[in-house]
Amino acid sequence: MNMKAATEQSERNPLDLVAEEFADKCRRGLNPSIEEYVRNNPEMSAELRELLPTVVMMEQLKVRKKSEGIPERLGEYHILREIGRGGMGVVYEAEHKALGRRVALKVAPAHLLIDPMRLQRFQREAQAAARLHHTNIVPVFGMGESSGLHYIIMQYISGCSLNQLLAGLRKNSASGPASLSQVPPPRGPRYWNWVAQIGVQVADALGYAHDQATLHRDIKPGNILLDAHGTAWVADFGLAKISGRDDLTQTGDIIGTLQYMAPEALQGCGDTRSDLYSVALTLYELLTLQSPFPELGTLELVKTIGEKEPPRPRAINADIPVDLETIILKGSARNPADRYQTAAQFADDLRCFLEDRPIAARPVRMHERCWRWCRRNRALAGAGAIAVASFICALVAGWVGYVSTTAALERESQRRADAVAARKRAEQNVQMSLQAFEDIFHQLEPSDGFAPPRRPRMAPPDPNRGPRGNGENGPPPPDGPGGSPRRESEENLAVLQSVLKFYERFAAENETNINLQYEAAKAYGRVGEIQHRLGDLDKAAATLTRAVQMMTKLHSSYPENDTYTE
């Protein structure tokens, strides 16, 4: 090194020198440890912890040199075409001539063979995937080597990746055979349900892998295949970690695709919840047709993922259902403790959304639960609604009838009470009137000691007999029992006759009052006796006859009453 170069290097920022050395080791496949560099350079440990993960990511995202050509054969397999390319290898469609079976061969790129650790990762993928047997995980049949090339033999999935499908949906055109019939237009309930169904299948597959102590660590649209029947397949376990076995990464290594990586994975650590974070962002992109994070430089993207959350899906498309957005946001929460803790919980909430049932991520009120139940059970809800409506109508009718009947009974009861009170007042008035009439009789009757009977005699007096029974006609003796001659005053008699007329009219207007009828008959008898004593025999006979008729009528109407027989 000449003096000028040495001088320029001495003037450079020490942080730049360390970063350049670190990048050089990455390019040579030495897989340097970030923690080791931090320990060796404590004076800039904070800067290194922020910068070196970015350097690793930049090296991983560099465009790798494409293969110089497609081999014609690999072992027993005849290569038909290239169907995919990624950081861990190139995927070909091939045919096993002897068995007549189509397979997918994932061939490790030549530059991986230089780094033994990267080759071990490639072999680890085959080991990790081969031990998994699930409907939604691409099966691995084996691995082999031919002409220095290492390859993995997998089931061939006729379809496309979600990444290819998204590219077609963004252009409003179908992409791949699966999208022709299985994927609805990217709007409306059918599409939302389709996205949820993809999420259920991927979550079920990862739940099974997690139960087998295997982390995928690189879930993204490009690693999820969709076949012609609409079934989702999880592929590419090249970065998988098997619990209980030595990891092929070191603390601080960034594992996965940056755009879908969980924040904790930026520090080189993660667990099952990190896989679920990546699933949530994949569903986010399917819902919104937008990347969760904007197109940024590597360093800025790393900072954004570590500090911010993507926009809410409904802020991009307000038609996205609230429950589906809630599931996505919970699955992609920055804090792992706020996410679904297991893939089964994630899948269960997606199923609840598909079945229109309440999700665990968002408690709902009772009226919403009832509404959801009615939407799920329309026939039963309709019958129940008819029954409830009938019951309510019957209840209302019964209540109205009860209220009406009660009101009528209350009115009738009030009328009866009023009638009883009126009758009682009338009887009191009658008694008061009778008492007044009685007082008048006592005042106007003769005061000679003769007391007329209280009840009229049943037969009128004989006109041929005298008042004393000696057969003489004529007026009564002038002298009374006391020996002092008294005659009834004509004026008093006129008053008594007026009272008698009032009695008769009062009794005629109160025919149902037997007491009043009886008193009227008595009054007729008393007046008849007075008329007889005054010598007015014709009037006396007529008056007493009227009294007898009234008493006879009372006796015939009320024969059980002995009062009216005398």
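The values are calculated or read from the model by the stated rules, or taken from the named source; none is laboratory data. No experiment lies behind these values; they were computed from the predicted model shown. Heads up, the Cβs are rebuilt from the backbone with ideal geometry, glycines too, and the neighbour counts pull from every protein chain shown. All accessible areas refer to the heavy atoms of the entire protein, side chains included, with ligands and DNA or RNA removed. Shrake-Rupley method; radii C 1.70, N 1.55, O 1.52, S 1.80 Å.
Highest mean packing comes first when the peptides 269-277, 354-362 are listed by Cβ atoms within 10 Å, giving 269-277, 354-362. Sorted largest first by accessible area at a 1.4 angstrom probe radius, with every protein chain in place, the residues TRP192, TRP233, TRP399 fall in the order TRP399, TRP233, TRP192. Between amide H atoms placed 1.01 Å from N, distances below 5 Å from ILE137 occur with VAL234, all of them 5 or more places distant or on a separate chain. Whole-Hz Karplus values for the range 198-204 come out as 4, x, 4, 5, 5, 5, 4 Hz, taken residue by residue from phi with 6.51 cos²θ - 1.76 cosθ + 1.60 and θ = phi - 60°; glycine and proline positions read x. Using a probe of 1.4 Å, the accessible surface attributed to ASP338 totals some 80 Å² when neighbouring protein chains are kept in position. Couplings 3J(HN,Hα) of the range 221-234, computed from phi: x, x, 9, 10, 9, 10, 8, 5, 9, x, 8, 8, 10, 8 Hz, in residue order, whole Hz [Karplus 6.51 cos²θ - 1.76 cosθ + 1.60, θ = phi - 60°; x for Gly and Pro]. Please compare each pair in LYS106/LYS330; LYS25/LYS308; LYS25/LYS220; LYS522/LYS553 to a cut-off of 24 Å on the Cα-Cα distance and tell me which ones are over it. Among LYS106/LYS330; LYS25/LYS308; LYS25/LYS220; LYS522/LYS553, the Cα-Cα distance tops 24 Å for LYS106/LYS330; LYS25/LYS308; LYS25/LYS220. Among 133-143, 320-330, 520-530, sorting by the average number of other beta carbon atoms lying within 10 angstrom of each residue, highest first, gives 520-530, 320-330, 133-143. Sorting the segments 204-215, 413-424 by their mean number of nearby beta carbons within 10 angstrom, highest to lowest, gives 204-215, 413-424.
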